[in-house]
Amino acid sequence: MAATRNSPTHDLVVFGATSFVGQILTRYLADEFGTHDGLKWAIAGRSEAKLSALRNGLGLKAGKLPLLVADAADEEALRRMCVDTRVVISTVGPYALYGEPLVKVCAETGTDYCDLTGEVQWIRRMIRAYEKTAKKSGARIVHCCGFDSIPSDLGVHFLQREAKARFGKPCSEVRMRVKGMRGGFSGGTVASLLNVVKEASADPALRKELANPYSLCPEGYASSVRQPDLRSPQYDSDFEAWAAPFVMSAINTRIVQRSNALSKQAYGADFRYDEAMLTGRGIKGRLAAAGVTAGLAAVMVAGALPPTRWALGRFVLPAPGEGPSPEAQRKGYFDLRFLGRTDGGQELRVKVTGDRDPGYGSTAKMLGQAGACLALDFADSGRGGGFWTPATMFGDRLIERLTAHSGLGFEVIEG
Ligand SMILES: NC(=O)c1ccc[n+]([C@@H]2O[C@H](COP(=O)([O-])OP(=O)(O)OC[C@H]3O[C@@H](n4cnc5c(N)ncnc54)[C@H](OP(=O)(O)O)[C@@H]3O)[C@@H](O)[C@H]2O)c1
């Protein structure tokens, strides 16, 4: 049953504020927005004691930052939270295990929503199940507002805007290469990744769906354009370096294709996009590309088999709630290069950079600004309800926010 909403108390609620990334995000919002009337925000989660400890750790008094208690499976508690809130940010993952009730309630109550999921199969399920409801209620749902997939999606948006200004048309081919990055994984990300591998290994239909580059495009969207997909070490002459598969390309490429589909093919009907990781030149670069490819394959194989999946989660990878230290976040960074080419052969190069580790320090800032964008910039933007992508929902406005407040850079480069 759809609830009604009258002038909600909160502009923004962070659901899962006590998660590894939620705590970084909460500190960031406190630094950026304080607790004054400019942005009325609150933190939420399943444990009042943990939320209270987080608030005390920030040196904030009880009256300054409201706490809301709700379990991810308790629809009634989520509904009470949503009817009193304009935008919910969720960091409660793996989303495929815990995320559906909140998306359902947001779609029903007309509450805007953004998150950090990179789980293609779950996003597809949510779109199929709740897009009609969200369109009717006016809820704007924006998945993938972290390292996957904001730099890729907004990087392509930025490059295509420049291409149209310079060449009068978009690039029909864009290639993204990770030139450098430093950072670690958290337990939550590992749990989400292992859950995707587990679901896919048990379901051939899902494996087929995950292999489809257009799997997140609207139903009925037809494109016969074959998408490039680097799966083995290759020398990349455009970037004069060896390249290996990039683990996030499986989600980023799907989001970028959805952006093209939702924008009535603003990047062109024959648009091609791929991602890979550069590993350097010469024999060292070649060996590193082989190492990255083999390492990725080993994790996928180990993740598919129950005993090795258990051992990976138990002994090798971080547990839920763990992740890179504050120092590792500060020392982290990312540097992504994009090469666009029009069908006439004109070229444009762009770089997108971040000043913190990609998965946590930078991700928390991206997610916070995406939520702020929904709450402050696009409250009455005329953008209707439904499932958006970062580029189609936020576009240039989020690029402005990220460059001004989040240590990201978007620039055209030569050579
Ligand atoms: N896209 C990206 O770039 C990116 C980057 C980082 C993380 N992520 C994703 O973000 C998610 C969070 O990652 P993380 O490392 O921060 O995870 P985490 O530390 O393991 O935190 C998981 C959170 O979920 C909460 N939770 C679990 N079950 C719940 C329930 N039934 N009701 C309410 N809350 C519940 C936990 O609450 P308690 O605190 O009470 O235990 C905790 O706050 C993961 O899905 C991860 O894949 C994505």
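The values are calculated or read from the model by the stated rules, or taken from the named source; none is laboratory data. Computed from a prediction, not measured in an experiment: that's the story for all the values here. Neighbour counts are summed over all protein chains in view; Cβ atoms, including those assigned to glycine, are modelled from backbone coordinates with ideal geometry. Remember, those area values only see protein heavy atoms, side chains included, never the ligands or the DNA or RNA. Shrake-Rupley method; radii C 1.70, N 1.55, O 1.52, S 1.80 Å.
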- Note on the structure: Within region 271-294, of all residues that are closer than 18 Å to Y221 by Cα and touching a helix residue (DSSP H, G or I) at 6+ places or on another chain (Cβ under 7 Å), the one surrounded by the fewest Cβ atoms within 10 Å (Cβ to Cβ) is F271
- Check whether at least one residue in region 349-371 is open to solvent by 50 Å² or more (accessible area, probe 1.4 Å) and part of a helix (DSSP H, G or I), and report yes or no. no
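Can you tell me which residue among T26, T9 is among the polar types (S, T, N, Q), closer than 22 Å to A370 by Cα and within 13 Å of the ligand (Cβ to nearest atom)? Spell out the reasoning first.
Details: T9 fails: within 13 Å of the ligand (Cβ to nearest atom).
Selected residue: T26, the only one of T26, T9 that is among the polar types (S, T, N, Q), closer than 22 Å to A370 by Cα and within 13 Å of the ligand (Cβ to nearest atom).
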- Task: Would you mind stating whether V88 is under 17 Å from the mean Cα position of the chain (by Cα) and hydrophobic (A, V, I, L, M, F, W, C)?
- Result: yes
- Given (1) touching a residue at least 40 places away in the same chain (Cβ under 8 Å); (2) surrounded by 15 or more Cβ atoms within 10 Å (Cβ to Cβ); (3) not charged (D, E, K, R), I413 misses just (2)
- Item | Given (1) of a type outside the set (S, T, N, Q); (2) under 20 Å from G146 (Cβ atoms); (3) part of a helix (DSSP H, G or I), number of the condition M277 does not satisfy | (3)
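Give T91, T117, T111 a once-over and let me know the one that is in contact with a His (Cβ under 6 Å, 6 or more places away or on another chain) and within 23 Å of K365 (Cβ to Cβ).
Working: T91 fails: in contact with a His (Cβ under 6 Å, 6 or more places away or on another chain); T111 fails: in contact with a His (Cβ under 6 Å, 6 or more places away or on another chain).
Selected residue: T117, the only one of T91, T117, T111 that is in contact with a His (Cβ under 6 Å, 6 or more places away or on another chain) and within 23 Å of K365 (Cβ to Cβ).
Select from region 396-407 the residues that are over 15 Å from C144 (Cβ atoms) and open to solvent by less than 10 Å² (accessible area, probe 1.4 Å) and list them in ascending order. Give the steps one after another, and end with the answer.
Applying the first criterion (over 15 Å from C144 (Cβ atoms)) to region 396-407 yields 396-397, 399-401, 403-407.
Scanning region 396-407 gives a single hit, S406.
Do we find a residue being at pLDDT 95 or above and either loosely packed, with under 15 Cβ neighbours inside 10 Å or over 27 Å from F158 (Cβ atoms) (or both) anywhere in region 249-262?
Taking region 249-262 and keeping what is at pLDDT 95 or above, we get 252-262.
Adding the requirement that they be either loosely packed, with under 15 Cβ neighbours inside 10 Å or over 27 Å from F158 (Cβ atoms) (or both) leaves none.
Checked against the condition, which is being at pLDDT 95 or above and either loosely packed, with under 15 Cβ neighbours inside 10 Å or over 27 Å from F158 (Cβ atoms) (or both), region 249-262 yields no hits at all.
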- Can you tell me which residue among V156, V178, V197 is touching a Gly at 6+ places or on another chain (Cβ under 6 Å) and open to solvent by less than 60 Å² (accessible area, probe 1.4 Å)? V197
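Being of a type in the set (F, W, Y) and within 19 Å of C144 (Cα to Cα) is the filter here, so list the residues in region 334-362 that pass it. Working first, answer last.
Keep residues of region 334-362 that are of a type in the set (F, W, Y), which gives 334, 338, 360.
Answer for region 334-362, where residues must be of a type in the set (F, W, Y) and within 19 Å of C144 (Cα to Cα): F334, Y360.
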- Message: I'd like the full set of residues that are of a type in the set (A, V, I, L, M, F, W, C) and in contact with a helix residue (DSSP H, G or I) (Cβ under 6 Å, 6 or more places away or on another chain), limited to region 254-270.
- Response: I255, V256, L262
